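Right, one structure below, let's go through it.
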Amino acid sequence: MELLVREFSFHQLNANLLWPGTFAFVEWLVQHRSWIGGRRTIELGSGTGALAIFLHKSFQLDITTSDYDDAEIEENIAHNCQINGVTPVLPHIKHTWGDAFPISDPCWDLIIASDILLYVKQYGNLINTLSFLLKSYKPKASEAVSGKNDEQNGTFFSLLVCFAKIIVHVWYG
């Protein structure tokens, strides 16, 4: 799939570029598409929105973008949605990691992120946000009744554990 993605030459928080790790993550997600199908997903650190747009267009994934509380980032994601035919634009949450989450009762059951941790000092803030989202997790009513979510929950938490191991590996090598 070919996407048009507007990038800025500069943004104070580096949310202006499509980072190289996204392409590897896309390949992995395509290979494991059964793990993401039917999920209510939030992408942390969406930047340009390219990953979310790709997943929405490719797999009709129910996905919400999220990035730093910045109007320019939100507008650029909306622009990239529109030029790639994603209308209405994907829902977006402006949120600075570590701050109170703007939705008190989130409903996502999958968290994805790619190339998001550039500054070590943000690690604790990211963990605070992830902790809130994990504690807020509630299975869909159909999963809770049928019990069919056991394998999927394992996948969900495996993805997060894998994500955490990657972060630790990158920072503590």
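The values are calculated or read from the model by the stated rules, or taken from the named source; none is laboratory data. This structure is a prediction, so every number in the text was calculated from the model and none was measured. Glycine also receives a Cβ, built like all others from the backbone with ideal geometry; neighbour counts cover every protein chain displayed. Areas reflect the complete protein model, heavy atoms only, side chains present, ligands, DNA and RNA absent. Shrake-Rupley method; radii C 1.70, N 1.55, O 1.52, S 1.80 Å.
H32 to S9: FRET efficiency via 1/(1 + (r/R0)^6), r the Cβ-Cβ distance, R0 30 Å, to the nearest 0.05?
Computed FRET efficiency for H32 and S9: 0.30.
What does the charge count near I111 come to, summing +1 for each Lys or Arg and -1 for each Asp or Glu among other residues with Cβ under 11 Å from its Cβ?
Cβ neighbours under 11 Å give a net charge of 0.
Which number do you get for Rg(Cα) / (2.2 N^0.38 Å) in the stretch 2-134?
That ratio works out to 0.98.
Residues of the stretch 33-49 with amide nitrogen under 20 Å from the 7 Å Cα-to-Cβ point of L118?
43-49
Which shape class, rounded, prolate or oblate, goes with the stretch 12-55 when its Cα gyration tensor gives a ≥ b ≥ c as root eigenvalues, a/c under 1.5 marks rounded, and past that a/b bigger than b/c marks prolate?
Verdict is oblate for the stretch 12-55.
Would you mind telling me the share, in percent, of accessible area of the stretch 29-96 contributed by carbon and sulfur at probe 1.4 angstrom?
Of all accessible area on the stretch 29-96, carbon and sulfur atoms account for 49 percent.
How big is the dipole moment of the stretch 1-111 about its Cα centre under a simple scheme where the beta carbon of each Lys and Arg is +1, that of each Asp and Glu is -1, and everything else is neutral? Debye, nearest 20, please.
Dipole of the stretch 1-111, to the nearest 20 debye: 400 debye.
Return the long-range amide H neighbours of S66 (sequence gap of 5 or more, or a different chain), with a cut-off of under 5 Å between placed amide H atoms.
It is E43, G45, S46, I93, by chain and number.
Tell me, what is the FRET efficiency for N125 and D105 to the nearest 0.05, using R0 = 25 angstrom and their Cβ-Cβ distance as r?
Efficiency at R0 = 25 Å is approximately 0.75.
The stretch 1-98: which GluC sites (Glu not before Pro) are DSSP loop and have at most 16 other beta-carbon atoms within 10 angstrom?
E2, E7
So, counting K/R as plus one and D/E as minus one, what does the shell of residues with Cβ under 10 Å around I63 add up to?
Value of the local net charge: 0.
Given R₀ = 22 Å, what would the calculated FRET efficiency be for F23 paired with Q60, taking r from the Cβ atoms and rounding to 0.05?
0.55
Give the accessible surface of the stretch 61-129 per residue, rounded to a whole number of Å², with probe radius 1.4 Å and ligands, DNA and RNA excluded.
The answer is 48 Å² per residue.
Please give me the summed charge of the neighbours of V86: other residues whose Cβ is under 15 Å from its Cβ, Lys and Arg +1, Asp and Glu -1.
-3
Can you tell me what percent of all Cα-Cα pairs in the stretch 58-118 are more than 15 Å apart?
Across the stretch 58-118, Cα pairs with separations above 15 Å total 59 percent.
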